[in-house]
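Asker: Once you've had a glance at the structure underneath, I'll fire off some questions.
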Amino acid sequence: MFSLFNEPAPLVLLALATVLFLGVEAWRRAAARAETHRTEAARAEAELETLRDQNWELAEREERYRDLVKTQGDIILRKDLMGRVTYVNDVFCATFGKEATQILGLPFAPDLPEGETPRMLGSFSGLAVPPYRVRFDQRVLTVAGPRWFAWEEFAVRDDEGRLKEIQTVGRDITDHKAVEEKLTGTLDEAQAANRAKGLFLAAMSHEIRTPMNGVLGMTNLLLDTKLTPAQRSYAEAVKHSGEALLSIINDILDYSKIEAGKIDIAEGPLDLRGTLESVCELLSPKAFERGLEIIAEVEPQVPLRLSGDETRIRQVLINLAGNAVKFTEKGGVILRARLDSYSYTDDKANIVIEVEDTGIGIEADALEVIFDEFAQADQTLARRFEGTGLGLAISRHLVTAMNGTIEVESTVGRGSLFRVSLPLAAVEPAMPRRASLNGQRIIILEDRPILAASLARSARLAGADVRLVPTGEALIAALEQEPADVLMCPIDTAEGPGAALVARARAFAPGIDALVLLRPQDRDRLPALIGQEGNPAMFQRIFDGYLVRPVRASSLLARLEALTGDGATPRAEQSRASEQTEKKRPEAWSARLNVLVAEDNEINALLTRTLLERDGHTVRIARNGQEVLDALDEADTPADLVLMDLHMPGMDGFEATRRIRALSDDRSSIPVIALTANAMADDRQTCLTAGMDDYLSKPVAPDALARMLAEWSNRRSDLGLAPADAARANLA
């Protein structure tokens, strides 16, 4: 039997060491395995804790989602591809009074009020194309009665993009719809009020313009008769008061159209130089009456033809220049136009038009509100200048409608400058002005500085050598120093008659030509002013021609070229030709016509008859539309033209015109011109649509009536006959 104690000592020790080693190794391995198990247990515990957290977060998120769905107030339902409901929220159940168990797995469509267009909720219509959403409003029946809902449907797809379900969300918008309907009702009421206001203004305009036509027309006729100075003063006061009232009416009508948003911008061919010059001519009587000059200047860089709304631009200029004349007591008013910039890519020209005066100026605080409605520079009860305060507000609206800007600069006591910038299309580019007056020496008397400076600029642009002299003595000194070809002076100077100044000048320069500058009313004073009453030949011996202020640049150059050119006309012949041209009245352009006037107002009928007969026309008056038709049937001499009032008892002007156009013979092509107190924006187009050929608004100016008759003299309307027949008639 083996015994450890029987072995030698070394072996015993070796065996014990081996046993000890093996035990330690076994313990180490066991400890390592235990540590591994503890680590794995800790990791498992950590993962388990993570899972617990995730489950808690998921449960919380789900609960939050449920609460969100429950509390948001929107209906939510889902349908599968077969149209069966797969989900509804509590709001759905509360809205339609159904339990989820009653609706899940079944189709659903809400009941609709009578007359409502049915539409299937959760249909696939419209979901196949982007944005894969459909929105619509619908009124449905709920437990609370009819309610408006805004529905939104969108497709729900799986991970592979296949259509899985359709989700529909409905939001109650009943209150919103109620507000919307109320606003619509309010808007309708406002529009009805605007229409009523427009009808009221149109009616009042007509009713005021009808007697105003008689007042102004008869006053003009009265002023053409022989009156005592006192009588003429009274008649002119009536005329000026009537014109002021008419201006107020026009301002109110313009403002009402702007307030109603009825500003129509009609672009067409625009001669800017002609527009500025015509505005000056229109305002010149009032300017000359106040001792002012009014002139127009257009820089040569401005295109010859532009595209723009000439009527609106003219209206703005009349407002600005009219104010300038009213608020200026000494000096004058200048209308300027210049090219600010030009775009060659689209042929757009930015045109700047300035209206400058030497008037009283505007206070700095008034400049801030000067373009506001009913604003006036002087708001005190003691203000000297009357007006509605609408002119500048209207101008601002019109300029803005034309995509332009308007601004003002002013210094109290020195004057104001209004600047309008407009983008306008260039139709015909500016042409370089030919130097037709090269080498010509011109002297201008500078006793009216604004006028003299303007004339000098125009002549210099044509190549002339121009000198300005302030007095007669300075003129003589200038002629002694260097001779001149032409002398220009007003008919009345600060030193006396212009004729006397010309006589003094010819004592030093016998060959000098003389042009005299007149106001329109000065023509009849020429013989008396030169001391030879009733002897116009004396005028021809002293003056070589005359120009009527405000002077058009083209007239100035033509007159100077005629005087200084190689083929210059002798003095006497040129003066006679000038006088004939200036004195030619518009009515002389027209043949003598047989005019049928439809007018129920006795005063206006008398006025129109007088104006027409004064110019040599034959007149027949009809009191209503039926009398117009009877006159066309009965007249031995057919009428050449009808002046048609619109509002007449029995048959009005519109119906009468329609019946004329329906006639089967040549009478259907008689020109019909509306002559009416209607002055609203659409009245002209209404007349043309009814078959009338043209339009005149009362009060009608005699020259405007004469020009209209001249335009339609020997013409036929193309609205009655067939176009080919009308063309042959017009050619004939």
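Asker: Give me the extension gain from GLU329 to LEU468: residue separation times 0.36 nm, minus the current Cα-Cα distance, reported in nm with one decimal.
Answerer: 47.6 nm
Asker: Could you look at segment 404-444 and say what percent of its accessible area is carbon and sulfur, using a 1.4 Å probe and all protein chains?
Answerer: Details: 1070 of 2140 Å².
That fraction is 50 percent.
Asker: May I ask for the net charge around LYS330, where only other residues with Cβ less than 12 Å from the Cβ of LYS330 are counted and Lys, Arg are +1 while Asp, Glu are -1?
Answerer: Its environment carries a net charge of 0.
Asker: Here is a follow-up. Straight-line reach only, C-alpha to C-alpha below 18 angstrom: list the aspartates and glutamates that LYS348 could link to, leaving out same-chain residues fewer than 8 apart.
Answerer: Cross-link targets: GLU267, ASP271, GLU299, ASP309, GLU310, ASP340, GLU428.
Asker: How many nm is it between the label spots at ALA144 and GLN231, if each spot is 7 Å from the Cα in line with the beta carbon?
Answerer: Those two pseudo-labels are separated by 8.5 nm.
Asker: Given a Förster radius of 56 Å and the C-beta distance between ASP365 and GLN481 as r, what FRET efficiency does 1/(1 + (r/R0)^6) yield to the nearest 0.05?
Answerer: Numbers: r = 52 Å, r/R0 = 0.92.
Once the sixth-power term is evaluated, E becomes 0.60.
Asker: Could you calculate the contour length gain from THR411 to ALA704, that is, 0.36 nm times the residue separation minus the distance between their Cα atoms, to one decimal place in nm?
Answerer: Working: separation 293, 0.36 × 293 = 105.48 nm, distance 3.87 nm.
Extra length from THR411 to ALA704 when fully extended: 101.6 nm.
Asker: Taking R0 as 30 Å, what FRET efficiency do you get between LYS197 and LEU112 from their Cβ-Cβ distance, rounded to the nearest 0.05?
Answerer: The calculated FRET efficiency here is 0.15.
Asker: Evaluate E = 1/(1 + (r/R0)^6) for LEU58 and ALA178, where r is the Cβ-Cβ distance and R0 equals 56 Å; express this FRET efficiency to the nearest 0.05.
Answerer: Once rounded, the FRET efficiency stands at 0.85.
Asker: Take the residue pairs LYS197/LYS326; LYS286/LYS326; LYS239/LYS286; LYS79/LYS164 and return only those whose Cα atoms are more than 19 Å apart.
Answerer: Pairs exceeding 19 Å: LYS197/LYS326.
Asker: Suppose each label sits 7 Å from its Cα in the direction of the beta carbon; what would the MET651-ILE603 distance come out to in nanometres?
Answerer: Result: 2.9 nm between the two label points.
Asker: Under a crude label model (7 Å from the Cα following the beta-carbon direction), how far is SER555 from ARG133 in nanometres?
Answerer: It works out to 7.0 nm between the two label points.
Asker: Residue by residue through segment 225-239, what is 3J(HN,Hα) from phi via Karplus (6.51 cos²θ - 1.76 cosθ + 1.60, θ = phi - 60°)? Round to whole Hz and write x for glycine and proline.
Answerer: Each residue's phi maps through the Karplus curve to give 9, 6, 10, 6, x, 5, 4, 5, 4, 5, 5, 5, 5, 4, 4 Hz.
Asker: Provide the per-residue ³J(HN,Hα) series for segment 341-352, in order, calculated from phi with Karplus coefficients 6.51, -1.76, 1.60 and θ = phi - 60°, each as a whole number of Hz, with x at glycine and proline positions.
Answerer: Values per residue, Gly and Pro as x: 7, 9, 9, 7, 6, 10, 6, 9, 10, 8, 9, 10 Hz.
Asker: Another question about this same structure. Could you work out what % of the accessible surface of segment 293-374 is carbon and sulfur, using a 1.4 angstrom probe and leaving DNA, RNA and ligands out of the count?
Answerer: Values: 1780 of 3620 Å².
C and S atoms contribute 49 percent here.
Asker: Under the rule of at least 5 residues apart or a separate chain, name every residue whose amide H is placed under 5 Å from the amide H of VAL333.
Answerer: GLU293, ILE294, ILE295
Asker: A further question on this structure: Each residue of segment 422-432 in order: what ³J(HN,Hα) in whole Hz does its phi give by Karplus 6.51 cos²θ - 1.76 cosθ + 1.60, θ = phi - 60°, with x for Gly and Pro?
Answerer: Residue by residue, segment 422-432 yields 10, x, 10, 6, 8, 9, 9, x, 5, 9, x Hz.
Asker: List the aspartates and glutamates whose alpha-carbon lies under 13 Å from that of LYS698, not counting same-chain residues fewer than 8 positions away?
Answerer: GLU207, GLU243, GLU599, ASP645, ASP683
Asker: Now, a different point. At most 12 other Cβ atoms within 10 Å and a DSSP loop assignment: could you name the GluC sites (Glu not before Pro) in segment 383-482 that fit?
Answerer: GLU386
The values are calculated or read from the model by the stated rules, or taken from the named source; none is laboratory data. For clarity, every value in this text was computed on a predicted model and none was experimentally measured. Positions of Cβ are generated from backbone atoms using ideal geometry, with glycine treated the same way; all protein chains shown enter the neighbour counts. What goes into the accessible areas is simple: the full protein's heavy atoms, side chains included, and nothing from ligands, DNA or RNA. Shrake-Rupley method; radii C 1.70, N 1.55, O 1.52, S 1.80 Å.
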